Amino acid sequence: MAFLITQLRAVGLFYRGVAPFMLGISGLILAAVLLPALQEGWGRGLLPGLLLTKLATAPVVWYLWEQLRPGQYWFYFNLGVSRRRLWSGVVALDGLVFLGGVVAMRAGVA
């Protein structure tokens, strides 16, 4: 149980560093695409495409993050958390935040 909590905290700590990039992209997608679509009334079937677009930006963020901070993983390796687990946790957490933003925008516009 302690190992799971350590890994969850490590993913959260890693997400705090990546969050400005990921949340910035989410904000752009929501403000530039979803908000006008909801205001015009044709935003019903748009969610799967937006979610796939959001997931497609994750490799771009990964590449930029690797270029900006190449030696950052040693701390997480010492905790027993791999790169794959960090990035899969970041993508899952960011996907949930993005879906929460979509639900909030739909409730606010409707």
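Of the chymotrypsin sites (Phe, Trp or Tyr not before Pro) found in segment 12-110, those that fall in a DSSP loop while having at most 16 other beta-carbon atoms within 10 Å are Trp42, Tyr73.
With angles folded into 0 to 90 degrees, how steeply does helix 2-29 sit against the dominant principal axis of the chain? Use alpha carbons for both and round to 10. Result, in degrees: 40.
Note that the chain presents 63 Å² accessible area per residue, ligands and nucleic acids not counted, probe 1.4 Å. In degrees between 0 and 90, to the nearest 10, how far off the longest principal axis of the chain does helix 83-109 point, with axes built from Cα atoms? Compared with the principal axis, the helix lies near 20 degrees. Computed about the Cα centre, the dipole magnitude for the chain is approximately 260 debye when only Lys and Arg (+1) and Asp and Glu (-1) carry charge, each at its Cβ.
Taking every C-alpha pair closer than 8 Å and separated by at least 6 residues, the mean separation divided by the residue count of the chain gives a relative contact order of 48 percent. Calculated mean residue ellipticity at 222 nm for the chain: -25500 deg cm²/dmol, from DSSP H runs with n ≥ 4 weighted as -39500 (n - 2.57), summed, divided by the residue count and rounded to 500. The C-alpha atoms of the chain define a longest principal axis, and helix 47-56 lies at about 30 degrees to it.
The values are calculated or read from the model by the stated rules, or taken from the named source; none is laboratory data. All values reported here derive from a predicted model rather than from experimental measurement. Glycine gets a Cβ as well: all are built from the backbone with ideal geometry, and neighbour counts include every protein chain shown. The accessibility values were calculated without ligands, DNA or RNA, using every heavy atom of the protein model including side chains. Shrake-Rupley method; radii C 1.70, N 1.55, O 1.52, S 1.80 Å.
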